[in-house]
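The values are calculated or read from the model by the stated rules, or taken from the named source; none is laboratory data. Nothing here was measured: the structure is a model prediction, and the numbers come from that model. Because the Cβ atoms are built from the backbone with ideal geometry, glycine has one as well, and the counts that use them run over all protein chains shown. Each accessible area value is taken on the protein alone, full model and side chains, heavy atoms only, with ligands, DNA and RNA left out. Shrake-Rupley method; radii C 1.70, N 1.55, O 1.52, S 1.80 Å.
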Amino acid sequence: MKLRRFFSSLSLAFAIACGAVSAPAFAQSAPATTTTESAPAVAGTIDAAPAAKPAAAPAAAKVENPYGLEALWAGSDAVAKVVLVLMIIMSAGSWYIIVVKLIEQTRMYRQAKAVEGVWKSATIKHGAENLENGSPFRFIAEAGLEATNKHDSLLEHVDLNDWVTLSIQRAIERVQSRMQNGLAFLATVGSTAPFVGLFGTVWGIYHALTAIGIAGQASIDKVAGPVGEALIMTAIGLAVAVPAVLGYNWLVRRNKGVMDQVRGFGNELHTVILSSAKRA
């Protein structure tokens, strides 16, 4: 009887022990089952991610130069804008005069070649009519002929030689005065443009010092803009002055060559007119 109770107690203890072991095993296996079941879901999520690819990023916008000419105009005050506009006008006027005077001088060089036909004509009047309209050589020839035709009344008391010389010389001076039109503007631009640019430079440095004083420290971001504005003003002033000076010197030299031909024609015309008058 006691033996039976002993085996019963042993069986009960064994059953309890088995239950205690199986319970933790079940508790440990439960998370594994959960992980196993959630794995497909995670895998499905990972697999689904590539399917929903993000849209391609738009191309990066072009970064504008914060210290360029556009930024200079946008960030400058009224004084700096007036300086810029003034230098633009000076530059445009200089190039216009250079181009126009160059075309005019080229035309006069071409007209000078047609003067030889005047001396081959029967009369000076006929030879002058064959010259191109607006030609300075035709203007001088007509002035000489008009002097001979108007040598009457009170002018008869003036020697014909002096009167013709005066008329031709006056016509030559008018041609020379017309050829010098615009050269004074080039000289003015060449001499003043660097100082106008220098004024813009000083104004830009003033802005740089003001920015330093407001910020309390000389950081590069506070100084770069105004200093860049000052340097650009200097560069623009030189870019305006240099072509004006070179163009002035070049045009003056070409004017001298043209005027030599004009004076030579006037001297020859004077001689021919006096010779014709003596024969008459």
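Quick notes on this structure:
- Order of exposure, largest accessible area first, which applies to Leu238, Leu209 with probe 1.4 Å: Leu209, Leu238
- The local environment of Asn249, defined by Cβ-Cβ distances under 15 Å, has a net charge of +4 under the rule Lys, Arg +1 and Asp, Glu -1.
- Per-residue SASA remark: Ser276, around 60 Å² accessible (1.4 Å probe; ligands, DNA and RNA not included).
- Accessible heavy-atom area order of Phe199, Phe137, highest first, probe of 1.4 Å: Phe199, Phe137
- For region 254-267, 3J(HN,Hα) per residue [Karplus equation, 6.51 cos²θ - 1.76 cosθ + 1.60, θ = phi - 60°, Hz, x = Gly/Pro]: 5, 4, 4, x, 5, 5, 4, 5, 5, 5, x, 5, x, 5
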